[in-house]
Structure formats: C-alpha cells, structure tokens
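All remarks here apply to the structure that follows.
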Amino acid sequence: MAAVDSETTRLLQATEAARERGDWHTVHRLLRDAYEGGTRLPAAALAHLGLAAWWLGEVGESLEIGEECHRRFLAEGDEEAAAANAVDVAVTWILRGDVTIGSGWLGRARRLQEGRPPGLAHGLLRYVECLGMLGEADMERAADGGRELQRLGAELGESTLTALGLAVEGVAEVRLGHVANGLSLLDEAMLPVVAGDVQPEYAGGIYCDMIAVCHDLADPQRARHWTETTELWCAQFSSAAMYLSICRVRRVQLLNLAGAWSEAEREALQVCLDVEGINASVVAEAHCQLAEIHRLRGELDQAARALEQVRVRGGNTQPEEARLALARGAGDEAVEGLRLALARSGGDRLHRAPLLLAQAEVGYRTSDPSAAAAARLELAEISASFPSPGMRAWAAHAHGMALLAAGDHEAALAPLRTAVGGYEAMSAPYAAAQARLLLADCLRDLGHDENADTEDLVASRSLADLGATTSARRAPPGGLTRREAEVLGRVTEGETNRQVAAALHISEKTVGRHLSNIYLKLGVASRTAASAWAHDHGVRAPRASS
C-alpha cells in the first residue's frame, strides 16, 4: 500500500476523532470532500465513508462506496477485510429488500473465508446466517450458532461477536419457550453494548433484537422501556437513521395499542417517507399499522390500499387482512386468509399467537364454535409457555369468544372480565372496549340488563373518545343493543324464535325477552311491524361465512 502523506494523515485523524464521538455528519463531509477532490483514500478510510453514509440513511451511496471499498481491499491483499466488507454490503442489500443480490455478496464473503482461520469476518458471516435461521424459525440451530459466536468472540477477544452470539441465543431461547433464560441472555448481551465495547452498527441491532422480542411477547411495558432506551442510545450520534426508523415503527405499534391513533398515523407516514429504500420490512410494518388505523376508523378502502403497500414490500398482512375482511362482512375471506397464514407459520408459536386471537374472533363472528374453540385451546397453551401480560389477555379474550360462540354465556363472564382487566393494565383501550362489548352482550343474554348497560356505556364512551367508527363500533338504530339488532335481523329474515336461539346460541326464552324489549323500544306490537321497521332502517342479519 502506498505511503499516506501528511495532509491525508491529518484528515484521517480528524475523521477518526469525529467517528469516535459519533459525529457521522462530519465523518461523511470530510471524507466525501476528499474522495470527490481526488484524494486517494486508503481502503479502511473509504470503508468509514461508506459507513457514515449508511448511518445518515444514504443507502445508495453506502452501497456504491462499499463496492468500491471491496475492490480496494482485494487490491491491497486484505482478504479478511474484504470478506467483512462483503458481509456489510450483503446485509444492506437484504434490508433494502433485494435478497438475491444480498445472497450473492454473502456467497462472495464465504468464498473469501475458505481455508482461512476464523476471524472477525467469519464471525460476522456466521451472525448473518444465524439471523436467517431465526427468520426461518430454526431455533435450535440458531441457538447453537449463537453459542458458536460466543466461543469465537472469546477466542478472538472480539466483544462484538460475543454480544451478537448472546443476542442470537437469547432470541432463540425466548422463541423456544425458555423466556426467562432468553431474556437473561439478552440482558447479558446488553452489558458490553452499554459499556461501549460493541461496534455501534451492531450494537443498534442488539437493541432492536430486544425490542422485537418484547413486541412478539406482547409485553408493551417492556417494549416501551427498550424503545425509549434505544432512542436515548441513538441520541449520542449525529444521525442514526436506520435504528431510529426501527424505534419509530415500534413506537407506532405502541401508540396504536394505546389508542393514540392520530399521533401513530403521523409517525407511520414519516417512517414511510424517511425509510423508503433503506429498510423494506420497516416500511412494510409502518403501512401495516396505517392499515389498522384506517380500519378502526372505518376507512376500509384506505386500509386495503395500505395492506397492498405491505404486500408490495414482502410484508405479512395477517391478521390485519382478516379483520378488514370481517369488517366488510366477508367472513369466508377472513377464515381462508387466517387458515393460510396459520399453515405458513408452522411451529413458530409467537407468530401464531396474534393469528389465533383473530381466528377466535372470526369464529365467534361467523358462528363457527369449533374454529373459535381450536384457536382458544392453542392460544391457552402458548400463553402458558409465554406468560406475558399481552398473552394472558389474548388467551382470556379468545376463551371468552369461544364460550360465547358455543352459547355458554355464564362461563364466558370470567374470562371476558379477565381480558378487560388485562387490556386496561396494558393501556390498550380499544381492545378493552371490544372485550367490554362482548361482556355486555353476555350479561344482557343472562338477564343482567343493568350491568350490561353499564359495560356498554363504558365501552361506547371509550370507543367514541378514540374515534373508532368501524362497523363493529356503530350503534344500531332505534336505541337497540347490538344483540337486539342481531335478533331483529334474523326475525326479519323469517327465522322462528327457535331458529334464532340456535343461531345465536341462546335460549328461546332469551329470544322472547329480546323481542319484548325490541317492541317496546320501537313502539310496535308485532313481528311484522318490527320487520318492516328493520327493513326501513337497514337492520339485517349478519352475513355468515360460506
């Protein structure tokens, strides 16, 4: 390698000082000016220029510089550095959503490592391979890979590899159901990160692993803590576009859960603008959150368009798509979509959990007790293995819906009350209101009208405050309760009391009591008059799945 002149030496010293204090703007400005001015930068300095562009969110520039840097390392005979560089370029391509090109760069890194003793580049390549195993739900192999990384890190004295290995093993252990051990490993991985002993571009990944695990565990309190912690960590750098975007999309999820939909919408739209072309999965998740916001507000066409943006970026549209289909009255579409999603999810229990909650809801809404019961039983097993606040609330909610679908209103009271309490403890007002509405229906069917009215009022006020205007939220006309509207809709279709009772899993006596209330509220005296009123006011029987 040619000698470096004194001016270049001073430049490199200035950029190194800026890099150490996390001032990526200065690193980028100094090295970019020199590079464009014709200075022959050493390959290592060129690598810092590409890294600075990456931190600033200039991914196209980062890839361009990364490829030039790779050629320089090879020209200088530094195959170890060239291999590490190839891994970095591969990851950047994969995050952008171009897996084919990324895989090609990973293949190049493997070729460069053939026959060489294990080093940093070997460890980084192994880390990326472990991420692939996690993505494919191959948790046992991923955990083994994490332990291999820890051994390699100890042998090489590379704390970055040790921390990455702990993080990989921790995530795998959590997803295997060994939650306490997995979280302990993740906590241990954070120790060198907090001490500043992990390369920042990989330290951010460990922070994001922790947030993702909390989200998958349905543990919003822990997720809030680590999202805020990661944002504070990002604040030490002049720019951290990649990791801030991940934090922001996690914050959108938490805002949606808390019912702060306007703020969540603003954040999600900004993520879509800022991260396009940088991280396809983050943008897909932002669009998915936008779809939920639109659905909950009753903006169903906008929700569908947002889900199409998720599909374009290779994201997962379930269970959001099933709930949208349900809101549109397409129960059969919701059933089929969830069936396919559950089949694809295999044995990944954490990914199955939200799908199962939606399946229980669809089973209840489409009068399919067996589907609701199957979802409830599996979700109960998952909740026992992953006993987080969210999992417990989901399991109770699904249990209540399954019992309601089977017509056991008395037994449904306890799990529905548990679900309401769990959601309220999580600061999840929309979910709590939905569970309350079911509780109100349950109480009313059991003849506890006063208590039912109280639950209905609390839920309705909460939904009104949130701005929820989906079909599930809209109050039936004429002061009817939702259950009374269901009964009237079926009566309008010509069903007898016995048929209505069988369809809604209630007693004929309860149907008669509902009809008496309906006549009183509408000021009519017969089924014929009530049916005519229903026809004039658009009250129909719910559409069942085919």
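The values are calculated or read from the model by the stated rules, or taken from the named source; none is laboratory data. Treat the numbers as computed from the prediction; the structure is a model and nothing was measured. Here Cβ is always computed from backbone atoms with ideal geometry, including for glycine, and neighbour counts include all displayed protein chains.
List of remarks:
- Residue within region 426-436 that is at pLDDT 90 or above and over 25 Å from E265 (Cα atoms) present: yes
- Set S345, S367, S385: member being at positive phi and of a type in the set (S, T, N, Q): S367
- Residue in region 361-370 that is charged (D, E, K, R), assigned to a helix (DSSP H, G or I) and more than 26 Å from L438 (Cβ to Cβ) present: no
- Criterion violated by R498 - all others in (1) modelled with pLDDT of 90 or more; (2) surrounded by 14 or more Cβ atoms within 10 Å (Cβ to Cβ); (3) farther than 30 Å from L257 by Cα satisfied: (2)
- Screening region 394-467 for helices (runs of 4 or more DSSP H) wholly inside it with 3 or more residues that are of a type in the set (D, E) and surrounded by fewer than 24 Cβ atoms within 10 Å (Cβ to Cβ) returns the ranges 449-466.
- Test: residue in region 172-195 that is in contact with a Pro (Cβ under 7 Å, 6 or more places away or on another chain), at pLDDT below 95 and hydrophobic (A, V, I, L, M, F, W, C): no
- Those residues of region 343-354 which are part of a helix (DSSP H, G or I) and within 19 Å of H215 (Cα to Cα), in sequence order: S345, R349, L350, H351, R352, A353, P354
To keep it simple, each residue is scored yes or no on (1) more than 19 Å from the chain's Cα centre (by Cα); (2) within 20 Å of I211 (Cβ to Cβ); (3) surrounded by fewer than 19 Cβ atoms within 10 Å (Cβ to Cβ).
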site	(1), (2), (3)
V252	no, yes, no
A268	no, yes, no
E276	no, no, yes
L307	no, no, no
R323	no, no, no
R328	yes, no, yes
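- Segments classed as helices (runs of 4 or more DSSP H), wholly inside region 1-104, with at least 3 members that are surrounded by fewer than 16 Cβ atoms within 10 Å (Cβ to Cβ): 6-20, 24-36, 59-75
Here's the yes/no breakdown for (1) of a type in the set (D, E, K, R); (2) within 20 Å of D88 (Cα to Cα); (3) in contact with a Gly (Cβ under 7 Å, 6 or more places away or on another chain):
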site	(1), (2), (3)
D5	yes, no, no
A17	no, no, no
E20	yes, yes, no
V27	no, yes, no
G38	no, no, no
A43	no, yes, no
A53	no, yes, no
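- In the set (1) buried (at least 18 other Cβ atoms within 10 Å of the Cβ); (2) assigned to a helix (DSSP H, G or I), the condition left unmet by F237 is number (2).
- Considering A503, A485, the condition of being of a type in the set (A, V, I, L, M, F, W, C), touching a Pro at 6+ places or on another chain (Cβ under 7 Å) and surrounded by 14 or more Cβ atoms within 10 Å (Cβ to Cβ) is satisfied by A485 alone.
- L377 meets each of the listed conditions (1) crowded, with 21+ Cβ neighbours inside 10 Å; (2) more than 17 Å from A432 (Cα to Cα); (3) over 17 Å from the mean Cα position of the chain (by Cα); (4) of a type in the set (A, V, I, L, M, F, W, C) apart from (1).
- Restricted to region 132-191, and to residues there that are farther than 21 Å from H215 by Cα and among the basic types (K, R), the residue that is surrounded by the fewest Cβ atoms within 10 Å (Cβ to Cβ) is R151.
- Of the helices (runs of 4 or more DSSP H) contained entirely in region 113-221, those carrying at least 3 residues that are of a type in the set (D, E) fall at 139-156, 200-216.
- Test: residue in region 338-356 that is surrounded by 18 or more Cβ atoms within 10 Å (Cβ to Cβ) and over 23 Å from G390 (Cα atoms): no
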